[in-house]
1. Looking at (1) within 17 Å of the chain's Cα centre (by Cα); (2) surrounded by 13 or more Cβ atoms within 10 Å (Cβ to Cβ), find the lone condition where residue A:80 falls short.
2. Restricting to region B:126-138, what's the tally of residues that are without any contact (Cβ under 8 Å) to a residue 60 or more places away in the chain, over 15 Å from residue B:76 (Cβ atoms) and outside any loop (DSSP other than H, G, I, E, B)?
3. Any idea which residue in region B:73-95 is farthest from the chain's Cα centre (by Cα), counting only those that are surrounded by 14 or more Cβ atoms within 10 Å (Cβ to Cβ) and free of Cβ contacts under 8 Å to residues at least 24 places away in the same chain?
4. In region B:104-126, what residues are farther than 20 Å from residue A:74 by Cβ and among the charged types (D, E, K, R)?
5. Within region B:62-100, can you find the residues that are acidic (Asp, Glu), at the interface with another protein chain (Cβ under 9 Å from one of its Cβ atoms) and not in a strand (DSSP E or B)?
6. Could you tell me which residue of region B:34-61 is surrounded by the fewest Cβ atoms within 10 Å (Cβ to Cβ), considering only residues that are more than 10 Å from every other protein chain (Cβ to nearest Cβ) and modelled with pLDDT under 60?
7. Residues in region A:26-46: is at least one surrounded by fewer than 19 Cβ atoms within 10 Å (Cβ to Cβ), outside any loop (DSSP other than H, G, I, E, B), modelled with pLDDT of 90 or more and more than 8 Å from chain B (Cβ to nearest Cβ)?
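The values are calculated or read from the model by the stated rules, or taken from the named source; none is laboratory data. Not measured: the values here are computed from a predicted model. Every residue, glycine as well, gets a Cβ built from its backbone with ideal geometry; the counts of neighbours run over all protein chains shown.
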Amino acid sequence: MADITQVPDRQNLDVNEQAPRFIPRVDICDTGSELLMFADLPGVRPEDIDLRYENGELTLKGKVQPRHQGKAMYRQEYQIGDFERTFELHESIDSRRINAECKDGVLKVHLPKASAFQPVQIKVQG
Amino acid sequence: MISLTRWNPFDPGSLVDQFNDLQRDVNRMLRRWGRDGARLFGVEGALPSLNVWEADSTFHVEAELPGLEMKDVELFITGGNQLRIKTERKPIQVEKGKWLRNERIFGSFVRLIDLPAAVDAEKVKAKLDNGVLHIELPKHESARPRKIDIKTE
């Protein structure tokens, strides 16, 4: 299990807010040339996802329409609601090349590292 | 509201009593914080989480299964009113990748749910769109409301 302090995050939760909140589960991988972020966003349409990168922070937020208003729920084990999470990325990202796709309720974000910060093998002259 | 639990260290009760107490405390926390909030404290219920409701003599079961397609899900109806959902989510392999954060859950899961009435297994429909599984289970003929004619002599 990775140490989550490698990519600190915050929820931007207002504890007084009554509306149900969805906290999407996120995996982040460092491939050397880019950071890859996967977020589970079941039932969220791509057009409802607000993804932005600013000052080294990636914010993932969105509004999700409630689906079960006025229904006689026999069992309700999860809430459907808006979400917002911000991740502090310690890597320097080339923001112009960030791209994302969403398929089967999973958001996949490619965050290419700025080339100056990619690991470089330096040949030592003899 | 917090209820006071009497705790006698010399007689904690049977194992079943202790589990019931623990379950009650967990449920109370889940109600207060919501499922996602409770997860912040490391509390997780059975997976996948389900929402179940009834409308027009049909039961509806919804589960969040991001990253899965219908072929990754098996559904069984047993005993007339029992639904079994079997899913498997395989982790993603990233070549030469180092994971900085791992929150998503992978693996095989089985959920067994008793519905309040028998369903017609032949008429069950299911679809999985955008990571949300929706199952429609029409009640069995014998479980539908019947109007009773009262005969008068």
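1. (1)
2. Within region B:126-138, the first condition is being without any contact (Cβ under 8 Å) to a residue 60 or more places away in the chain, and the residues that meet it are B:126-127, B:129-130.
Within this subset, residues satisfying the condition of being over 15 Å from residue B:76 (Cβ atoms) are B:127, B:129-130.
Next, only the ones that are outside any loop (DSSP other than H, G, I, E, B) stay: B:127, B:129.
Residues that pass the stated criteria total 2.
3. Of everything passing the filter in region B:73-95, B:94 is farthest from the chain's Cα centre (by Cα).
4. Residues satisfying the conditions are B:104, B:122.
5. Of the residues in region B:62-100, the ones acidic (Asp, Glu) are B:62, B:64, B:69, B:72, B:74, B:88, B:95.
With the extra rule that they be at the interface with another protein chain (Cβ under 9 Å from one of its Cβ atoms), the set shrinks to B:62, B:64, B:69, B:95.
Listed by number, the residues that qualify are B:69, B:95.
6. If we filter region B:34-61 for residues that are more than 10 Å from every other protein chain (Cβ to nearest Cβ), which is where we start, we get B:38, B:41-44, B:56-58.
In the following step, the residues that additionally are modelled with pLDDT under 60 were identified as B:38, B:41-44.
Numbers: B:38: 18, B:41: 9, B:42: 6, B:43: 13, B:44: 13.
Among those that are more than 10 Å from every other protein chain (Cβ to nearest Cβ) and modelled with pLDDT under 60, it is B:42.
7. yes
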